[in-house]
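A.B. asks: Take a look at the following structure, please.
The values are calculated or read from the model by the stated rules, or taken from the named source; none is laboratory data. Please read these numbers as outputs of a predicted model, since none were measured by experiment. Positions of Cβ are backbone-derived with ideal geometry, glycine not excepted, and every protein chain shown enters the neighbour counts.
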C-alpha cells in the first residue's frame, strides 16, 4: 500500500506543471508542424491548443505520473497522440519524419530554456535575496525547473528510440530507402508490445540512458545544476 507523505505530495505538486507543459507542447508541436506542411487534421480537431485538457490521457497524464511519484522513480507521462494524416503531405514519408521530429526537439528546447532560466535568473536571485520568504518562493521554483530539465530530456530520449510508432521510429522510417522503409513499417502493429517488453525487461534503459546522456550535452549549465 502506497502512502502519500508530505515529501511525496510536494514532489507531485512541483512535478505537475513541467510534466503537463512538456507533454502538451510535445503534442502541439507535432500538429503545428504537420499543419505547416499541409495536414490540417490536428487543427481541425482542435488539438492545436495549449489547453492541456485537450491533450490529457487519463492513464498517461494522470495515473502513470501519480504511480511513479509514489514509487519514487523518474516522473514522466504521455498525452493523447495528435492525429496526423500523412496523405495530406506532398511527400508523406518526409512530412511524417519532420512532424515526428518536432516533438523531441520541442522537449530539448524546453530543457534548454529551463536550464538557462534556472542558472542565470533563479540561482542568482535566490543568492541575492535571502530570507524565509525568498526561500519559500525560489526553492520550489528551482525544483520545478530542475524537474522540467529531467522530464523533457527523458521524454525526448524515450521518444527517440527507433521503434514505431515512437517519434524515433517515424524519423527512421522517413530516412530509410523506400524498400527498407516499407519493410520496417510492418513492425508498427507490434511496436508498442516491443516497447513494453523492453521496459519490463529493463533493456529500454540501454537505449534511454545513452540518448539522455547525449542530449544533456546540448543543455547549457547542466553540470552546474546537476553536479553529481
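A.B. asks: Condition first: surrounded by fewer than 22 Cβ atoms within 10 Å (Cβ to Cβ) and modelled with pLDDT under 80. Can you find one or more residues in region 27-49 that meet it?
C.D. replies: The answer is no; no qualifying residue exists.
A.B. asks: Surrounded by fewer than 19 Cβ atoms within 10 Å (Cβ to Cβ), modelled with pLDDT of 95 or more and under 19 Å from residue 212 (Cβ atoms) - does that describe any residue in region 77-97?
C.D. replies: no
A.B. asks: Also, quick follow-up: Could you list all residues from region 179-193 that are under 24 Å from the mean Cα position of the chain (by Cα) and more than 12 Å from residue 93 (Cβ to Cβ)?
C.D. replies: Once the filter is applied, which keeps residues that are under 24 Å from the mean Cα position of the chain (by Cα) and more than 12 Å from residue 93 (Cβ to Cβ), region 179-193 yields 187, 188, 189, 190, 191, 192, 193.
A.B. asks: Tally time: how many residues in region 103-115 are more than 11 Å from the chain's Cα centre (by Cα) and in contact (Cβ under 8 Å) with a residue 24 or more places away in the chain? So that I can check it myself, show each step before the final result.
C.D. replies: The first filter runs over region 103-115 and keeps only residues more than 11 Å from the chain's Cα centre (by Cα), leaving 112-115.
If we keep only those that are in contact (Cβ under 8 Å) with a residue 24 or more places away in the chain as well, we get 112, 114-115.
Qualifying residue count, region 103-115: 3.
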